[in-house]
Amino acid sequence: MRRSEFQRAVRDEFGGRASTVVTDLVLSSVGGRTASEAIDAGVDPRQVWLALCEELDVPADRRYGVGRLEPRRN
């Protein structure tokens with residue numbers, strides 16, 4: 001997962017509170033950091049996304065493959 005895909009996934013899942021979730025919620029599974037701090041420290045965005053999902057009880061069917069753009073059509 002790229003950082004841009006992470007950002008898209010967070011925005012799509014959490015809407016207007018996406019910014020707060022990324023900057024304020026401390027995640028123990030990524031070293032007691034916020035999502036933003038963890039990514040800045042080099043933690044894989046996919047790991048951070050899954051940590052957010054676990055912490056905020058995002059259903060499993062909305063955790064995988066999110067954040068990707070649909071393929072372009074010719």
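The values are calculated or read from the model by the stated rules, or taken from the named source; none is laboratory data. The model shown is predicted, which means the values in this text are computed figures rather than measured ones. Cβ placement follows ideal geometry from the backbone for every residue including glycine, while neighbour counts extend to all protein chains displayed.
Considering only region 1-25, state which residues are of a type in the set (Lys, Arg) and out of contact with any Leu (no Cβ under 9 Å at 6 or more places or on another chain).
Arg2, Arg3, Arg11, Arg17
Considering region 12-36 alone, what residues qualify as being in a helix (DSSP H, G or I), free of Cβ contacts under 8 Å to residues at least 12 places away in the same chain and in contact with a strand residue (DSSP E or B) (Cβ under 9 Å, 6 or more places away or on another chain)?
Hit for region 12-36 is Asp24, nothing else.
Going by the structure shown, is Val66 assigned to a loop (DSSP other than H, G, I, E, B) and at pLDDT 95 or above?
Details: assigned to a loop (DSSP other than H, G, I, E, B): yes; at pLDDT 95 or above: no.
Here the answer is no, as Val66 does not meet what is asked.
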